[in-house]
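One structure is given below, encoded as structure tokens.
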């Protein structure tokens, strides 16, 4: 009996030791997993200093001192709004999170003081439909800044492009990545011309160029606008020079409905036409033929007067001998007349003749 009790006691001890060993192994394995496994962030986590709305898919980050785009943007984000930050340079792949592409469709980066757009700055956003870069201070724009935005429909660059980046903007907008772009806004950038190399390679429906420094639209651009019937161009608040060079643009405004704000396009120069709507001008105001004829008439009049002057000088030269004699005769006649006046004066002033008269 005692021997059986000893056997049962040893068996219980063995089971107890085996259970303790298993628990220790499990705890050790858990600690090792926690130490060496990568940290997994919940998909609902919101970046610091941001406000997230999962229902609408919107992440809003305002007024921070960060100089980079948040690197922990949730994968469910469809609209990202960054405003009032200090992002001076938008670097390559700024929106690539852990090497994965985001499903974002709208991105607003206005009022961030952005000065430079590096190549492939928007890599990782293949489904982006709207990009707003308004009210920044762009001094450098890479020719590949917008590379990869194959689905982009609307691009806003209002009051953002400084003169130093104007030429670079033309190269950046010529990329084939923007072939599906429908709306391009470039208001308030002091542009002097349309910054698109070729309008016909775009699928543009709206081009906003209000409040710039455009003085004239060339005949080449007008020809392309006639061909691209779908496009609508907004050009009010530009200082147009209403002279002969505006002829093609004038007739485009009169005959086309592609400029919705045509009534607000005013002449800035010359002064006599200042404030007059371009479409209200008369045909002769911008008629190159009339201006050329008027210029030719003035030139012809000047030539005729010059010829008359030359003929007159030649006549004087050929008759210089007779003219000299004529002048001498006039001088002698004047001298004789003066002597007669002098003699009469002396006679009248003689006191003896006065006494005789008495």
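The values are calculated or read from the model by the stated rules, or taken from the named source; none is laboratory data. These figures come from a predicted structure and were not determined experimentally. Counting neighbours? That spans all protein chains shown, and the Cβs are built from the backbone with ideal geometry, glycine included.
Looking at 172, 164, can you tell me which residue is part of a helix (DSSP H, G or I), over 19 Å from residue 238 (Cβ atoms) and touching a residue at least 40 places away in the same chain (Cβ under 8 Å)?
Among 172, 164, only 172 is part of a helix (DSSP H, G or I), over 19 Å from residue 238 (Cβ atoms) and touching a residue at least 40 places away in the same chain (Cβ under 8 Å).
Taking the criterion of being touching a helix residue (DSSP H, G or I) at 6+ places or on another chain (Cβ under 7 Å) and either part of a strand (DSSP E or B) or not assigned by TED's automatic domain parsing to the domain that holds residue 183 (or both), would at least one residue in region 121-136 satisfy it?
no
Run down 181, 266 and say which single residue is in the same structural domain as residue 143 (by TED's automatic domain parsing), at pLDDT 90 or above and more than 24 Å from residue 128 (Cα to Cα).
Among 181, 266, only 266 is in the same structural domain as residue 143 (by TED's automatic domain parsing), at pLDDT 90 or above and more than 24 Å from residue 128 (Cα to Cα).
Across region 58-86, what is the total count of residues that are modelled with pLDDT of 90 or more and within 19 Å of residue 116 (Cα to Cα)?
3
When you scan region 224-234, do you find a residue that is within 17 Å of residue 161 (Cβ to Cβ) and in the same structural domain as residue 134 (by TED's automatic domain parsing), even just one?
So far as region 224-234 goes, yes, one or more of its residues are within 17 Å of residue 161 (Cβ to Cβ) and in the same structural domain as residue 134 (by TED's automatic domain parsing).
Just the residues that are modelled with pLDDT of 85 or more, assigned to a loop (DSSP other than H, G, I, E, B) and surrounded by 19 or more Cβ atoms within 10 Å (Cβ to Cβ), please, taken from region 197-209.
204, 209, listed by residue number.
Mind listing whichever residues of region 252-276 are within 25 Å of residue 205 (Cβ to Cβ) and loosely packed, with under 14 Cβ neighbours inside 10 Å?
254, 255, 257, 260, 263
Applying the selection to region 229-257, what residues are without any contact (Cβ under 8 Å) to a residue 12 or more places away in the chain and assigned to a loop (DSSP other than H, G, I, E, B)?
Matches in region 229-257: 257 only.
Mind checking which residues of region 134-143 are surrounded by 18 or more Cβ atoms within 10 Å (Cβ to Cβ) and more than 13 Å from the chain's Cα centre (by Cα)?
Within region 134-143, 142 is the sole residue that qualifies.
With the requirement that a residue be on the phi > 0 side of the Ramachandran plot and either exposed (fewer than 13 other Cβ atoms within 10 Å of the Cβ) or within 31 Å of the chain's Cα centre (by Cα) (or both), what does region 45-84 give you?
63, 84
Mind listing whichever residues of region 228-246 are crowded, with 19+ Cβ neighbours inside 10 Å and more than 24 Å from residue 159 (Cβ to Cβ)?
Across region 228-246, the qualifying residues are 242, 246.
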